[in-house]
1. Would you mind stating whether residue 434 is at pLDDT below 90 and out of contact with any strand residue (DSSP E or B) (no Cβ under 6 Å at 6 or more places or on another chain)?
2. Which condition number does residue 203 fail, the rest of (1) more than 21 Å from residue 318 (Cα to Cα); (2) out of contact with any strand residue (DSSP E or B) (no Cβ under 6 Å at 6 or more places or on another chain) being met?
3. Which one of 460, 486 is surrounded by 13 or more Cβ atoms within 10 Å (Cβ to Cβ), closer than 30 Å to residue 633 by Cα and within 49 Å of the chain's Cα centre (by Cα)?
4. Might you let me know whether the range 685-699 holds any residue that is over 24 Å from residue 494 (Cβ atoms) and either in contact with a strand residue (DSSP E or B) (Cβ under 7 Å, 6 or more places away or on another chain) or at pLDDT 90 or above (or both)?
5. Within the range 67-78, is even one residue at pLDDT 90 or above and in a strand (DSSP E or B)?
6. Quick one: residue 578 ticks every box in (1) out of contact with any helix residue (DSSP H, G or I) (no Cβ under 8 Å at 6 or more places or on another chain); (2) over 26 Å from residue 448 (Cα atoms); (3) in a helix (DSSP H, G or I) except a single one, so which number is it?
7. Does the range 597-611 contain any residue that is out of contact with any strand residue (DSSP E or B) (no Cβ under 6 Å at 6 or more places or on another chain), surrounded by 12 or more Cβ atoms within 10 Å (Cβ to Cβ), outside any helix (DSSP H, G or I) and without any contact (Cβ under 8 Å) to a residue 60 or more places away in the chain?
8. Would you tally the residues in the range 374-393 being in contact with a strand residue (DSSP E or B) (Cβ under 6 Å, 6 or more places away or on another chain) and surrounded by fewer than 18 Cβ atoms within 10 Å (Cβ to Cβ)?
């Protein structure tokens with residue numbers, strides 16, 4: 001019988017060992033699977049962001065030999081299917097790049113002997129000719145689509161539609177430009193009269209009705225020569241027709257503001273006044289028409305943008321960007337019609353540059369000389385006309401020029417801004433909008449929201465855990481602990497909804513009462529605790545251990561009522577403002593704060609976020625900290641009390657050091673919850689990406705930004721991938737934080753394991 005019992009015990013022990021080993025393997029496999037899944041998520045996010053930091057790919061696809069001629073410039077249609085080359089003999093050569101590749105058709109210009117200068121506008125597909133008789137002609141290149149069975153064909157037709165006398169009859173036009181949209185159009189020219197160059201202009205008015213556009217009427221003529229010192233050299237008008245730029249041979253720029261039948265001189269400046277050779281090689285508008293790209297004769301490249309400088313009231317051109325020098329003497333300039341990219345080049349050198357970040361996207365030294373080059377409207381091709389009468393078609397693959405480390409983490413001087421700054425604004429109201437995708441305001445907002453939430457939640461959660469585990473009666477502890485854990489299950493969307501629609505207005509009206517309560521309540525409790533220690537034993541012995549909180553309810557109620565009574569008087573005394581209607585002082589903290597600080601008081605602010613997000617974080621920190629404190633061996637606390645230590649001394653000198661690893665884990669988990677919180681900060685803040693720690697302003701966090709922007713982000717577009725990049729930043733940040741917390745937790749556990 002004893003032998004059988006021994007065999008049974010042995011078999012049971014083997015089964016236990018087997019089950020323990022099996023469970024250990026299952027746990028190990030589960031842990032490996034979790035790590036693998038997390039790592040796979042990171043890899044997926046990482047590969048989504050790689051294209052943001054890749055350089056453009058430029059490959060030469062087609063080379064077409066043209067008839068020998070004296071070619072001037074390239075023109076290009078919207079689809080990059082039927083470009084044309086302008087021959088100075090007055091012939092347009094259209095080249096088919098889509099169907100019959102290389103097929104060339106000639107379109108001669110009428111009366112080409114009368115033209116003294118020509119200008120081409122790619123965005124409007126217009127040719128502007130200046131004549132020898134002081135007039136200018138407008139030609140429109142119309143591209144017509146038709147279908148031959150299932151094949152789409154594109155034909156071009158040159159149509160004359162306007163002639164206007166801009167200068168004095170009998171004298172040639174040397175420079176001409178034309179621009180405008182809507183009702184007002186403007187043309188300006190440099191006319192040579194008896195060896196003297198004069199700047200003349202004309203305003204054209206076109207009425208628009210419900211039945212369409214009406215006839216163009218000639219408005220006021222201008223002679224701007226008296227306002228210009230020096231010899232006029234170049235003239236430029238932006239697409240909207242409200243800015244006129246005139247350059248002189250000595251390197252000065254004259255900026256005229258165009259309005260209805262008026263042309264006022266606003267500014268005179270010299271973009272290269274600090275250089276020995278300050279003469280201008282090129283001046284042209286960047287896409288959007290509010291920035292000028294300058295290139296000096298010696299190759300310096302600078303950008304001036306319209307902005308309102310500090311202590312000024314009107315917009316002027318201001319030097320905002322300095323790009324790398326051009327290699328060699330300037331030869332051509334071509335702006336993109338889709339973004340802030342522009343193309344510069346000399347005889348053998350070509351450079352693709354992004355104005356916003358001052359970055360050279362692509363550059364190359366070529367083995368042939370370039371006469372002219374142009375970027376396609378869809379920013380997918382570059383066409384080069386070389387000196388050997390060859391048209392070279394290059395395919396351009398650069399889907400994310402707006403991205404990059406500099407765009408995400410550096411201060412950028414955006415168009416219209418008075419100074420460089422970090423800014424997030426992914427979309428705009430016009431096509432000329434300049435994307436602003438700085439990660440810094442979002443990181444700042446994440447840290448701000450987390451800071452206010454943890455400042456509010458950490459003391460409450462830790463002190464509550466200490467009191468519950470060490471001082472509260474076990475009967476009440478069995479109720480408090482489950483209640484706090486149930487609080488953790490509240491959906492964050494419900495908390496955000498309550499904060500936005502109910503709590504925010506209450507906070508705004510009672511902000512002084514809130515701060516008074518936060519100030520007076522700890523003071524009242526401390527005074528009461530100090531006074532309680534001096535109370536006679538006959539009174540204090542009636543309060544059993546673990547029931548002290550019942551008396552504290554009365555203290556809290558008294559402090560709250562006193563704060564409520566005192567708040568209106570304090571607000572009127574210290575935060576009162578004058579009411580202009582009654583000329584009396586009224587209590588209004590929000591208005592006082594706006595006047596005192598110069599920043600508006602936002603109803604959905606950091607204080608609100610800290611309170612409501614702290615409410616979501618408190619149960620997590622409390623639960624983990626309370627478990628750690630309660631699991632401290634009783635023999636340690638009993639030994640401390642037996643040696644004469646008080647309950648507070650035992651708590652702070654024995655229990656807290658022993659449970660420090662678990663307490664720290666609770667804080668880090670709560671911090672991770674606060675960092676990754678989405679719905680509360682989405683609904684309880686203004687979602688404004690500002691950079692300050694002002695408690696009465698809002699913020700935008702990384703997680704909330706993803707939730708807001710992702711539904712509107714084009715698939716695999718720059719914004720789409722940028723949101724994945726912000727998710728990767730959040731992932732890396734939490735990974736580093738958790739790794740640091742784990743290392744510190746092991747250190748604390750090792751340090752106090754001998755206690």
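1. So residue 434 fits the description; yes.
2. Evaluating residue 203 over (1) more than 21 Å from residue 318 (Cα to Cα); (2) out of contact with any strand residue (DSSP E or B) (no Cβ under 6 Å at 6 or more places or on another chain) leaves (2) as the failure.
3. Values: 486 fails: surrounded by 13 or more Cβ atoms within 10 Å (Cβ to Cβ).
Criteria check complete, one pass: 460.
4. Scanning the range 685-699, I find at least one residue that is over 24 Å from residue 494 (Cβ atoms) and either in contact with a strand residue (DSSP E or B) (Cβ under 7 Å, 6 or more places away or on another chain) or at pLDDT 90 or above (or both), so the answer is yes.
5. Scanning the range 67-78 turns up at least one residue that is at pLDDT 90 or above and in a strand (DSSP E or B).
6. The one condition residue 578 does not meet is (3).
7. Scanning the range 597-611 turns up no residue that is out of contact with any strand residue (DSSP E or B) (no Cβ under 6 Å at 6 or more places or on another chain), surrounded by 12 or more Cβ atoms within 10 Å (Cβ to Cβ), outside any helix (DSSP H, G or I) and without any contact (Cβ under 8 Å) to a residue 60 or more places away in the chain.
8. Looking only at that region, the number is 3.
The values are calculated or read from the model by the stated rules, or taken from the named source; none is laboratory data. It should be emphasised that the depicted structure is a prediction, and the values quoted were computed from it without experimental measurement. Virtual Cβ from ideal backbone geometry, glycine too; neighbours counted across all protein chains shown.
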